[in-house]
Amino acid sequence: MKLSHGNDYIAEEITQIVFLKLWERIDSIHDKGTLKNYLISMAYTTLLNYLKHDTTEYIYLNYLKGESTLDYTTQDEIDTTFLNTYLSTLISELPPMRQRVFIMSRMECMPNKQIAQSLGISLSTVETHLSLALKFLRQELKRRYNIIGNFPGDKP
C-alpha cells in the first residue's frame, strides 16, 4: 500500500503478481532468510514495471484521441458532398429492383437474407443484384472520372 500510494487496486494487483512469481521461482530460492528482501525487491520492480506500462498506455491513448479527431478541410467537405451526390445519381440510374436491393443492403445495412424475405426474391437474386450494382458503379466511376486503380473485388 505504501509503494502504491494508497491505491488498493494497484496494491492487490502487484501482490498477486509477486506471489505468482514467487510460486514459480520458489525452488530456485536457496536462502530462505533473504525471502523478505527478495519479496520487497520483486514488489518494487513489479510496481515500477506496472506503472511504466500504465504510463505508456495512458500516453498512447491520449495520442490516439488527438489523432482520431477528424480535421476536414473545406475541400474535403466539398469532395465528400460531390461524391455522395454523384453516387446518388449513379444509384438512381440502376433498374428499380437493383436500386432497392442496393439501398437496402448498403444504406440500410440489411443482411441479404432479410432483403430476400422482404422483397420476396431468392437469396441468389439479391446477391446477383448487388454484384451487378457494384460492377456498374465501379465501371461508371472509372469511365466518367478516369479513376485509376483497382477497387476491391476487381480482377487484376
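Listed values, structure above:
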{"read-out": "Conditions (1) open to solvent by 70 Å² or more (accessible area, probe 1.4 Å); (2) without any contact (Cβ under 8 Å) to a residue 12 or more places away in the chain; (3) more than 30 Å from M104 (Cα to Cα): number failed by S41", "value": "(1)"}
{"read-out": "Yes/no for I40 being at pLDDT below 85 and farther than 23 Å from E140 by Cβ", "value": "yes"}
{"read-out": "Which listed residue, of A43, A133, is in a helix (DSSP H, G or I) and in contact with a Phe, Trp or Tyr (Cβ under 8 Å, 6 or more places away or on another chain)", "value": "A133"}
{"read-out": "Residues of the stretch 102-127 that turn out to be within 30 Å of the chain's Cα centre (by Cα), under 23 Å from L87 (Cα atoms) and part of a helix (DSSP H, G or I), as a count", "value": "10"}
{"read-out": "Residue check for Y50: open to solvent by less than 70 Å² (accessible area, probe 1.4 Å), at negative phi and touching a residue at least 40 places away in the same chain (Cβ under 8 Å)", "value": "yes"}
{"read-out": "Odd one out for S122, checked against (1) at pLDDT below 90; (2) surrounded by fewer than 14 Cβ atoms within 10 Å (Cβ to Cβ)", "value": "(1)"}
{"read-out": "Hits in the stretch 1-29 - residues which are out of contact with any Ser or Thr (no Cβ under 6 Å at 6 or more places or on another chain), of a type in the set (V, I, T), within 16 Å of T45 (Cβ to Cβ) and in a helix (DSSP H, G or I)", "value": "T15"}
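The values are calculated or read from the model by the stated rules, or taken from the named source; none is laboratory data. Values in this document were obtained by computation on a predicted structure and should not be read as measured data. Methodologically, a virtual Cβ is constructed for each residue, glycine included, from the backbone with ideal geometry; neighbour enumeration extends over all protein chains shown. Surface accessibility is based on the protein's heavy atoms, side chains included, excluding ligands, DNA and RNA. Shrake-Rupley method; radii C 1.70, N 1.55, O 1.52, S 1.80 Å.
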